[in-house]
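To start, the structure under review is shown below, and the notes come after it.
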Amino acid sequence: MKKRIPILEQNEHSECGLTSVCMILNYFKIKEDLNSLRDKYGVPKGGNTLLDLQEVCSHYGIRTKGVRIKDYSYFKTLTNPCICFWNKRHFVVFEKVVKNKIVIIDPAQGKKILSYEEFTEHFSEVILEIVEVPNKIPEKKKNKSWEVLQTILKTQKLKIGLLILFTLLAQCLSLLVPILTTTLVDNLSLLSQNKNISLFFVVVLVMLFCSNYLLQVTRGLIIAKFQKNFEKNLMRKFMKKVMELPLKFFVNRSTGDLIFRSNLTTYIQQILSQQMITTGIDLIFLVVYLTLMVYYSPRMALLTVVTTLIIAAFSVMNSKKLRSVADREMLSQSKVQNNLVELFEGMETVKSLGMEEHFYTTWENNFSQQLDIQEEKGRYSSWIGNISTSIQFVLPFLITSFGILEVQQQRLTIGELVSFNSLALSFLAPIITLLSSFSSLLMLKSYFRKINDILLQKTNENKKDSKEIKTFEKLELENVSFRYSYFEKHLIKNLNLTIEHGEKVAIVGPSGSGKSTLLKLISGMYPATDGSVKINGVDVNDIEKNTLNKEIAIVNQDPAIFNTTLYENLVLKNKSVALTKFNEAVTKSRVDEIIKDMPLGFETQISEGGMNLSGGQKQRISIARALIKDPSLLILDEPTSSLDNISDNFIMNNIINDATPCIVVSHRLNTIKHFDRIIVMDKGCIVEDGRHSELMAKKGLYHKIYSGEKLQEKLQEAV
């Protein structure tokens, strides 16, 4: 195969299959990006099957077939790339066979060249072979990869303009030095007759120093301001986008990887401000330097240019190799960061299970892999990169030696030789910087690809004609179905439900029946795959998000507790809450019991993630937080699962007696049997709906669950 496969990396832990398909599409000039594929098909929690990938390919006119392979010589007969099943749980793309080596593209680790033995160790003997490709290729989509960068740079026009101006002035000043040097050396005999020559030298030296110092300081201050504004704008865009992303986006994303991506903004601004902009300006002066060198000595100018081309060749070789290594390095760094986040966040579980050694070994293996890649990068730079460095080292001696021959043949004066040396180094400096920037530019592309995976995501933006709701009156679900991705089964199926204002509704059912998912659909956190969810007759997707969040309060199974005071954890942004409302919420949720053991009361500092609180205390805080909000609809998902029975009954009775309508998911049936309605779910459908007495009389699923709970209570009492 002559063409190379464009390398893409997976951004979620389960999207290797979709990434492999995207590489195949791009190989055949079907310009589809990974974000678009993810929007269309989603990423199943357990990843895709080979049949899923076959279906995606067929949607783009690529006909494929699954082939089981025992004889590896089959790969030599392939004229197109194919998707290989790998380690019985992963997908990679086969590119070609070269000298009995197999080249693959791994979405998780980049390009690899493997021996047959290495390939056999991982290959699971199944491929998705390309049989037919479409004759008509869809029109190329507009590449939006650099739009964000262009937008930010447009806001920095003045600073970029000033940076260009002062860099130009600095270069003009640097040109003055070799010209002055030539004049001084060639007119040394005349100058020596001047009694004030020492004073002249001092004045010129001071003027040059002060001019250069002021130019460089001003330029440095502009760069510092540019760096600050650029990173602030980019980071703001990144964080704003993260806040606007739907909850589904975070299902398959690791916290460590997201943190790693956010840190890349610093590297991007450093490359742009310290290298790319200034190097571009420096290159303008190459023509000036080259013209002066040719004027002094065409032969020496040719020698300098040839030497520079040799340096450039080795530098480009080094940069291309480092690019592939750098991609793997970023993946390993992200993996290590994710290990650390998982370890620190789950330290209590790790210690309770005695898994310290296991997690340490996992981290050590990944960290060692990262260090191995860094060593590989350093090793390659030492062998190849230092060739150009060594040439740079001997270049002044080479030019001086050749220049002496030119002086002896009277083609050059001593002053011109000294000046030429200075010009040659000035000519070489921006080229070396450019070659260094070439490597950085390749890295910049990799960094921006990772940032753009976030910035180009579709968000839950408010529609232009979005509507406001003043209070909750009625909830309607019409033929609602939901699934996480195109290839997953529906978690909610053709569900119809109406809840009126003032109703207290409980949702029960076996684990995995879709109860929590239903609450997320009602609250607008997940968009329905089919059907509609309406509040007051308005589709929840058409309601202005701020008013929706204001009128609905949600208590999750695992509430988030923040590293701030107890008071700030309760009120959050609602700092102007009335004292009576605050005290009422604290009493109803029994948070007042918590502060009895806290000397600082509501000013007690809470640890990150609520590490200094029990599970029950976290739930009380979460319930109080919702009540302080004074919503017109309360949605509770297992709100008292970590509480004792006394606290559970106390809080649930307060919720029942409150005028606010509520929807509660609970496995504790004793606490919800007095609700107006009890909805029973099973396998994503509503199977029963009614009051406690009505459902018990039906002898259906609710009766079975309730009787099982009662039996369990009796057994516990007997024990």
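Gain on full extension, evaluated as 0.36 nm per residue between ASN645 and GLN605 minus their Cα-Cα distance, stands at 11.6 nm. If R0 is taken as 25 Å, the Cβ-Cβ distance between HIS501 and ASP465 corresponds to a FRET efficiency of 0.50. Working note: 222 nm ellipticity from helices only, DSSP H runs with n ≥ 4, each -39,500 (n - 2.57), summed and divided by the residues of the chain, gives -18500 deg cm²/dmol to the nearest 500. Fewest-first ordering of LYS493, LYS704, LYS573 by other beta carbons within 10 Å of each residue's beta carbon gives LYS573, LYS704, LYS493. The angle separating the long axis of helix 277-296 from the principal Cα axis of greatest extent in the chain is about 10 degrees. Inter-label distance, ASN574 to THR155: 3.2 nm, where each label sits 7 Å from its Cα along the C-beta direction.
Rounded to the nearest 20 debye, the dipole size of segment 15-132 about its Cα centre is 160 debye, using +1 on the Cβ of Lys and Arg and -1 on the Cβ of Asp and Glu. Relative to the longest principal axis of the Cα atoms of the chain, the long axis of helix 157-186 lies at roughly 20 degrees. A simple spin-label model places pseudo-atoms 7 Å from Cα toward Cβ; at GLU376 and GLU348 they are separated by 4.0 nm. 3J(HN,Hα) couplings calculated from phi for segment 548-558 with the Karplus curve 6.51 cos²θ - 1.76 cosθ + 1.60 (θ = phi - 60°) are, in sequence order, 5, 5, 6, 8, 10, 10, 10, 10, 8, 4, 10 Hz; Gly and Pro show x. Calculate the FRET efficiency for LYS581 and THR218 from the Cβ-Cβ distance with a Förster distance of 60 Å, rounded to the nearest 0.05. Step by step, r from the Cβ atoms, then E = 0.60. Between SER262 and SER511, the distance separating the two model label sites (each 7 Å from Cα on the Cα→Cβ line) works out to 3.2 nm. Here's the picture: charge each Lys and Arg Cβ at +1 and each Asp and Glu Cβ at -1 in the chain, and of GLN156, MET330, PHE402 the one pushed furthest to the positive end of that dipole is PHE402. Set the Cα radius of gyration of segment 146-456 against 2.2 N^0.38 Å, with N its number of residues, and you get 1.33.
Listed by chain and number, the aspartates and glutamates whose C-alpha is less than 15 Å from the C-alpha of LYS154, apart from same-chain residues fewer than 8 away, are GLU231.
The convex hull built on the alpha-carbon positions of segment 458-588 has an orientation-averaged projected area of 10.6 nm². Within a straight-line Cα-Cα reach of under 26 Å, LYS699 can be paired with the following lysines, leaving aside sequence neighbours fewer than 8 residues apart in one chain: LYS493, LYS504, LYS515, LYS673, LYS683, LYS710, LYS714. On a per residue basis, the convex hull of the C-alpha atoms belonging to segment 6-110 measures out at 106 Å³.
Normalised by 2.2 N^0.38 Å, where N is the number of residues, the alpha-carbon radius of gyration of segment 510-661 equals 1.08.
Once the other residues with Cβ under 9 Å from the Cβ of GLU125 are scored (Lys, Arg +1; Asp, Glu -1), what is the net sum? Local net charge: +2.
Can you sort VAL394, VAL577 from fewest to most other Cβ atoms within 10 Å of each residue's own Cβ?
VAL394, VAL577
By the count of neighbouring beta-carbon atoms within 10 Å, fewest first, MET681, MET525 end up ordered MET525, MET681.
Based on the Cβ-Cβ distance from THR564 to ALA313, what FRET efficiency comes out when R0 is 51 Å, to the nearest 0.05? For R0 = 51 Å, the calculated efficiency reads 0.35. Amide H contacts of CYS82 (H built 1.01 Å from N, in plane; Pro and chain starts excluded): PHE94 sit under 5 Å, all sequence-distant by 5 or more or on other chains.
Summary value for the chain: 12 percent relative contact order, contacts being C-alpha pairs under 8 angstrom separated by 6+ residues.
If you fit an axis through the alpha-carbon atoms of helix 16-27 and take the longest principal axis of the Cα set of the chain, what angle between them do you get, 0 to 90°, nearest 10? Approximately 50 degrees, to the nearest ten. Candidates ILE113, PHE367, ILE414 compared by Cα position along the dipole of the chain: farthest toward the positive end lies ILE414, with charges placed on Cβ.
Here are some values of Rg/Rh (Cα atoms, Kirkwood Rh): (1) 1.00; (2) 1.03; (3) 1.09. Which one was computed from this structure? Looking at Rg/Rh (Cα atoms, Kirkwood Rh) for this model, the match is (3). Scanning residues 5 or more positions from ILE69 or on other chains, those with amide H under 5 Å from its amide H are VAL126, ILE127, with H placed 1.01 Å from N in the peptide plane. For a modelled paramagnetic label at ASN100, 7 Å from Cα along Cα-to-Cβ, the residues of segment 112-133 in reach, with backbone nitrogen under 11 Å, are 116-117.
Only lysines eight or more places from LYS88 in sequence, or on another chain, were considered; those with a Cα closer than 20 Å are LYS45, LYS65, LYS70, LYS111, LYS112.
Can you give the local net charge around LEU162? Use residues other than it whose beta-carbon is closer than 13 angstrom to its beta-carbon, Lys and Arg +1, Asp and Glu -1. Surrounding charge for LEU162 is +4. If we count every other residue with Cβ under 11 angstrom of GLU488's Cβ, Lys/Arg +1 and Asp/Glu -1, where does the sum land? Residues close to GLU488 contribute a combined charge of +2.
Every read-out reported here was derived from the displayed coordinates using simple, explicitly stated rules and does not represent laboratory data. Because the structure is predicted, anything quoted here is derived from the model rather than measured. Glycine gets a Cβ as well: all are built from the backbone with ideal geometry, and neighbour counts include every protein chain shown.
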